[in-house]
Amino acid sequence: MTQQALSIAKDPESRKLFLKHLLHDVEAIEKMLDQKMFESGISRIGAEQEFCLVDNHFKPSLHALEILEKINDPHFTPELARYNLEINLDPLDLKDDCLSKMENNLKSLLQKAEEAAAAFDEKIILTGILPSIDYRAVQMKYMTPKQRYEALANIIYELRGEDFELNISGVDELILNHNNILFEACNTSFQCHLQIEPDQFPDMYNWAQMLSGPVLSVCANSPLLLGRQLWAETRIPLFQQSIDTRGKGYHLREREQRVTFGNRWIKSVADVYKNDIARHTLLFLTDIKRDSL
């Protein structure tokens with residue numbers, strides 16, 4: 001998604017060529033693993049912090065790109081909606097006071113964002129789902145005007161062949177049809193990254209998948225959407241349903257949701273990519289200059 005030069009994957013010959021490159025990428029990963037070409041002997045951590053921008057009435061902002069320009073720092077990137085931005089923290093060696101350093105780095109960057117937002121009489125908020133989001137904030141007016149986001153919205157809608165549906169029940173119930181993917185932008189999070197030894201990856205990945213449920217059950221903190229009290233962690237069904245490419249009339253076209261916790265334990269990092277390539281429709285193409293092998 002960091003690539004800007006994207007095209008929708010429609011032409012059969014172009015799709016075939018791009019798929020060939022994907023398969024070569026997986027083969028290259030397996031070759032690099034066999035030949036011990038990945039870095040080892042060091043552990044690092046990194047993180048991403050997504051956050052919301054709101055006006056002085058705590059309603060979603062429309063000024064993310066203007067605020068991003070004022071911040072003028074490569075650690076910040078835009079997100080799908082005009083009321084979100086993301087911070088990418090520098091990786092740190094996992095030792096000594098690295099967690100304190102990460103915290104201080106994040107606080108410093110958040111301070112930059114707060115100062116830039118204040119110039120527009122706006123604020124930043126760290127929250128899983130902004131409770132003040134209303135139906136206006138999921139209209140196309142709020143989509144960040146970037147080619148990759150427009151392409152993503154168009155191809156997913158085309159694959160569905162019909163409007164998106166949300167059906168989430170909790171204390172209250174939310175059932176609606178919607179004509180774009182902007183409900184996905186309602187979700188924000190803090191994401192940590194861990195660099196480990198290449199041969200440890202399968203076990204660590206499997207452990208992470210197994211622990212996700214219990215960890216989420218004690219961390220749940222996003223119960224509100226459009227004024228409804230739904231799941232304790234509404235981000236899960238919202239993410240699953242907001243970009244689901246399987247319309248009712250085409251449910252056999254793609255049997256598995258794009259957002260899942262997987263379907264089996266893995267034995268290699270390459271298994272993750274093999275499963276994705278085999279199970280999901282190719283959405284985008286980009287111009288590849290050199291074969292990875």
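The values are calculated or read from the model by the stated rules, or taken from the named source; none is laboratory data. None of these values were measured; they are calculated from a predicted model. Because the Cβ atoms are built from the backbone with ideal geometry, glycine has one as well, and the counts that use them run over all protein chains shown.
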The range 221-256, residues that are surrounded by fewer than 15 Cβ atoms within 10 Å (Cβ to Cβ) and either at pLDDT 90 or above or in a loop (DSSP other than H, G, I, E, B) (or both): ASN221, GLY227, GLN229, HIS251, LEU252, ARG253, ARG255, GLU256
Every residue from the range 190-210 that is outside any strand (DSSP E or B) and within 24 Å of ASP93 (Cβ to Cβ): ILE196, GLU197, PRO198, ASP199, GLN200, PHE201, PRO202, ASP203, MET204, TYR205, TRP207, ALA208
Neighbours by Cβ (under 8 Å, 6+ apart or cross-chain): first from the range 206-227, more than 18 Å from PHE261 (Cα to Cα); second of a type in the set (A, V, I, L, M) and assigned to a helix (DSSP H, G or I): LEU225/LEU238
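Please return the ranges of strands (runs of 3 or more DSSP E) entirely within the range 40-126 where 3 or more residues are among the aliphatic types (A, V, I, L, M), touching a residue at least 40 places away in the same chain (Cβ under 8 Å) and touching a Leu at 6+ places or on another chain (Cβ under 8 Å).
Working: elements: 44-54, 76-78, 84-88, 123-125.
Strands (runs of 3 or more DSSP E) meeting the threshold: 44-54.
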Residues of the range 168-189 satisfying the condition of being part of a strand (DSSP E or B) and modelled with pLDDT of 90 or more: ILE168, SER169, GLU173, LEU174, ILE175, ASN187
Selection within the range 127-161 - of a type in the set (A, V, I, L, M, F, W, C), in contact with a helix residue (DSSP H, G or I) (Cβ under 7 Å, 6 or more places away or on another chain) and in a helix (DSSP H, G or I): VAL138
The range 130-142 residues that are over 14 Å from ASN187 (Cα atoms), paired with ones that are of a type in the set (A, V, I, L, M, F, W, C) and surrounded by 14 or more Cβ atoms within 10 Å (Cβ to Cβ) (beta carbon under 6 Å, 6 or more apart): TYR142/ALA81
